[in-house]
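J.: Have a look at this one.
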Amino acid sequence: MKSSEEYPEKQSELQAWLVDAAGAAEIMRYVMDAEDDDGKQPSAFKIPESSIPVDSMRVVLSE
């Protein structure tokens, strides 16, 4: 099992949020726009104001 101390470069934060229909539509627009940018770095994503944070945790990404 990998720990975040062993692989700090692969650390990330996983967040879970509840969103309403308007927030879900905003997220989908962001995803579609990011896909249309032909590999360019997507713009920063702003979490919809109506969203409610549920949980978050540090994770280590593996291949």
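Since every read-out is calculated from the coordinates, none of them should be taken as a lab result. Predicted model only: the values in this text are computed from it and were never measured. Please note: Cβ atoms are built from the backbone with ideal geometry, for glycine as well, and neighbour counts cover all protein chains shown.
J.: Need one number: nm distance between label points at Ser43 and Ser12, each 7 Å from Cα along Cα→Cβ, rounded to one decimal.
T.: Output for this residue pair reads 2.3 nm.
J.: So, in nm, how far is label Val59 from label Glu35 when the simple model puts each one 7 Å beyond its Cα toward the Cβ?
T.: Going by the 7 Å Cα→Cβ label model, 2.0 nm.
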